[in-house]
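Okay, so here's the structure we're looking at.
Each value in this text was obtained by applying a stated rule to the coordinates, not by laboratory testing. Quantities reported herein were computed from a predicted structural model and do not represent experimental measurements. With ideal geometry, Cβ positions are generated from the backbone for all residues, glycine too; neighbour counts draw on all protein chains shown.
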Amino acid sequence: MGRVYNFSAGPAQLPVSVLERAQEELLSYQEKGMSVMEMSHRSSDFKKIIERTEELIRELMEIPETYRVLFIQGGASLQFSMVPLNLLKDGGHAYYVNTGSWSKKALSEAKKIGEAKILASSDDQNFTYIPELDLQQINEQTDYVHITTNNTIEGTRFTKFPNTGHVPLVADASSNILSEQWDVSKFGLIYAGAQKNLGISGLTIVIIREDLIGHVKADIPTMLNYETYTKNNSLYNTPPTFAIYITMLLMEWLKEQGGVAAIEERNKEKANLLYKAIEDSKLFYSNVKREDRSLMNIPFMTDSDELNKLFVKEAEQEGLHQLKGHRSVGGMRASIYNAMPIEGVKALVDFMNEFERKHI
Ligand code: PLP
């Protein structure tokens, strides 16, 4: 069966070459006579895989020496708890920028652990924009400021990051890590579930500045302490070995593409193509503020629920899958992560034009 264009918000489409390589090596990795899935996480072969994966992430994101890269399970959702468990101090508080459903979840988990407050919110307009931050509110008691760099459901992104001074900026970058060039030194901690631009589900990457490790306020569970991962090179227990291997393959693919600078150009080209189609349309529209638009997740809709449903159904018949919008936003959403080729976006735009001709 041929492959379709998969516009899912995650798990996301992977490059065919990555899947083919995993397939070639599935039964016998580098002629070792066993699959990566069957390999001991303590073996020298797996050690090379995890080290190479870290090296590639470091190289692609230009991560400074003073940061550690951790491989953790539990998804980005577990980081909603691990971040406050590790960074909130007695008498301190955290500030959250509330830009959508995922920010809200991060905030509500933090509230279970300590004091977490809203620094700014775009709740008043259904999260269709990124709010201005009043950084004057940050004070001595602020342990960190949390942002969601890209709002997967609402389709907004931070195009510039706040300067929080000596207070660490913590970022949930699950849906746009590696999509644009960033200066990692502006952050104290970046986390991302792997199943969009980093690989497959089961793995979460945490990039943390060294000085933030080892100051937990209480005796927290071993597996929830970042120090457990740094002390054991993410091998305290069995890590998600196959997911790490896929991340290695995907990072090699990204490097072959010319790295983050090159993929950023392509991502902008892809997103512009789709945004232009929406702007030029008399049928489709988007509610997202122009300056804050995401490069990865693009919600759009028509005024009719019936037409929206018909669009999703007919698109699928044309090999354009998973275009249904999130239930909280409605309409359609096209997720166009790093691995979505421009041909996929062009096919979507052609289909939109044809659909419009029929229904306007
Ligand atoms: N944060 C963001 C921005 C997301 O897009 C998602 C999932 O789509 C999550 C967190 C939750 O990630 P996970 O399913 O890995 O827990």
- Among the residues of the range 33-56, is any under 30 Å from Pro162 (Cα atoms) and surrounded by fewer than 17 Cβ atoms within 10 Å (Cβ to Cβ)? yes
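If only one of Glu227, Glu210, Glu265 is surrounded by fewer than 20 Cβ atoms within 10 Å (Cβ to Cβ) and within 20 Å of the chain's Cα centre (by Cα), which one is it? Steps first, please.
Working: Glu227 fails: within 20 Å of the chain's Cα centre (by Cα); Glu210 fails: within 20 Å of the chain's Cα centre (by Cα).
Glu265 is the lone residue from the list that is surrounded by fewer than 20 Cβ atoms within 10 Å (Cβ to Cβ) and within 20 Å of the chain's Cα centre (by Cα).
If only one of Asn163, Asn126, Asn139 is of a type outside the set (D, E, K, R), on the phi > 0 side of the Ramachandran plot and away from the ligand (no atom under 12 Å from the Cβ), which one is it? First the steps, then the outcome.
Working: Asn163 fails: on the phi > 0 side of the Ramachandran plot; Asn139 fails: on the phi > 0 side of the Ramachandran plot.
Every option except Asn126 fails the conditions.
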Q) Would a scan of the range 52-62 turn up a residue that is closer than 23 Å to Ala218 by Cα and touching a helix residue (DSSP H, G or I) at 6+ places or on another chain (Cβ under 7 Å)? A) no
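Taking the criterion of being within 16 Å of the ligand (Cβ to nearest atom), aliphatic (A, V, I, L, M), closer than 18 Å to Pro299 by Cβ and surrounded by 20 or more Cβ atoms within 10 Å (Cβ to Cβ), would at least one residue in the range 129-136 satisfy it? Steps first, answer last, please.
Step one: list which residues in the range 129-136 are within 16 Å of the ligand (Cβ to nearest atom), which gives 130.
Going one step further and asking which of them are aliphatic (A, V, I, L, M), we end up with 130.
Next, only the ones that are closer than 18 Å to Pro299 by Cβ stay: 130.
Okay, now just the ones that are also surrounded by 20 or more Cβ atoms within 10 Å (Cβ to Cβ), so 130.
Yes: the range 129-136 contains one or more residues that are within 16 Å of the ligand (Cβ to nearest atom), aliphatic (A, V, I, L, M), closer than 18 Å to Pro299 by Cβ and surrounded by 20 or more Cβ atoms within 10 Å (Cβ to Cβ).
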Result of the Cβ filter at 7 Å on the range 84-101, keeping first residues that are farther than 22 Å from Asp124 by Cβ and partners that are among the basic types (Lys, Arg), at least 6 apart or interchain, is Leu88/Lys217; Lys89/Lys217; Asp90/Lys217; His93/Lys117
Cβ pairs under 6 Å, 6+ apart or interchain, first in the range 136-153 and farther than 11 Å from Leu119 by Cα, second near the ligand (Cβ under 7 Å from one of its atoms), ordered by first then second residue, are Thr148/Trp102; Thr148/Asp172; Asn150/Ser175; Thr152/Ala9; Thr152/Ser175
